[in-house]
Amino acid sequence: MTEKESSRLAAELDKVSFSYKIKVLDKLSLQVPTGISFGLLGPNGAGKTTLIRLLVNLLKPESGSVRILGETLSNKTARFIGYMPQLHSLYTELSIIQNVDFFAKIYRMTNKAERTQHVEETIKLVDLWARRNDVVANLSGGMRQRVSLACAIVHHPPLLLLDEPTVGLDPELRVTFWEHFKTLTKQGVTIIVSSHTMDDAVHCDRLALMREGKVIAQGTPGELQRATGQAGATLEDAFLYFIRRKEQ
């Protein structure tokens, strides 16, 4: 791949391996185009969270390479990324607006007028402006998830990394989250989202099916379903189909 082609990718992993006590990622290669929602779908232990932590530069690969928007991972690439971890990192004694403003400062939004505008727009996007002065400790789990999302996107990153963002959400709120995500991709943001649920996977533009630290198949949800050759195949059917193929 040429340097120009690489720069059009939001993320590129080439033969990446990583281990804790066991191998978690095994020579994994992946290319994520810009401006889409890209799902990492697999069971717990498939390596999804580790992959996202590598992209955020919280972990270093033991072999292989990782690039973000054409650049090798470094502290400088953090400005391109919004990160929403599975377990929120909010300050529960602060209000919603104080939390979002704090994260805006972390992302070095030093212009106060610009930062104030971004904070207001972002809190309105997740439909919490009327509750902006509420202390996070008093919020429901679903509302905390929305605050976490606001903190991740307040600096308008071109790449958003979401680790199981809809876990524990009721079906209505899950739909609301995906409406937010689709709004962002229409604005050119690339979203990489990890999930183990088919409810999330069907909303993604493209998917990578993961198992035991490897990508076993990639494509749009429709392409993966059609690959089974079964009329009316679900994504779950597709996942099982590709698992069987790898085991043969």
- Task: Output the antiparallel fraction of DSSP beta bridges having both residues in the chain, as a percent to the nearest 5.
- Result: 55
- Message: How far apart, in nanometres, would the label points at Glu236 and Asp26 be if each is projected 7 angstrom from Cα along the Cα-to-Cβ direction?
- Response: 2.6
- Message: I'd like to compare 216-222, 71-77: which one has the highest average count of other Cβ atoms within 10 Å, and what's the full order after that?
- Response: 216-222, 71-77
- Query: Using 7 Å Cα-to-Cβ label points, what is the Ser74/Asn44 separation (nm, one decimal)?
  - Reply: 3.9
- Query: So between Asn111 and Glu93, what do we pick up on full extension, going 0.36 nm a residue minus the alpha carbon distance?
  - Reply: 4.0 nm
- Among Ser95, His156, Gln225, whose Cα lies farthest out toward the positive end of the dipole of the chain, if unit charges sit on the beta carbon of Lys, Arg (+1) and Asp, Glu (-1)? His156
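Sum up the charges of everything whose Cβ sits under 9 Å from the Cβ of Arg115, counting Lys and Arg as +1 and Asp and Glu as -1, but leave Arg115 out. Don't skip to the end; give the middle numbers.
Numbers: positive: Lys105, Lys112; negative: Asp101, Glu114.
Within the 9 Å Cβ shell, the charges total 0.
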- Task: Count the DSSP beta bridges whose two residues both fall in region 104-248, then state the antiparallel fraction as a percent rounded to the nearest 5.
- Result: 50
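Could you pull out the pairs from Lys124/Lys182; Lys21/Lys246; Lys15/Lys214 whose alpha carbons sit more than 19 Å apart here?
Details: Lys124/Lys182 16 Å; Lys21/Lys246 24 Å; Lys15/Lys214 10 Å.
Over 19 Å apart, Cα to Cα: Lys21/Lys246.
Only the coordinates and a few stated rules stand behind these numbers; no lab work does. Because the structure is predicted, anything quoted here is derived from the model rather than measured. Don't worry about glycine lacking a Cβ; one is built from the backbone with ideal geometry, like all the others, and counts go over all protein chains shown.
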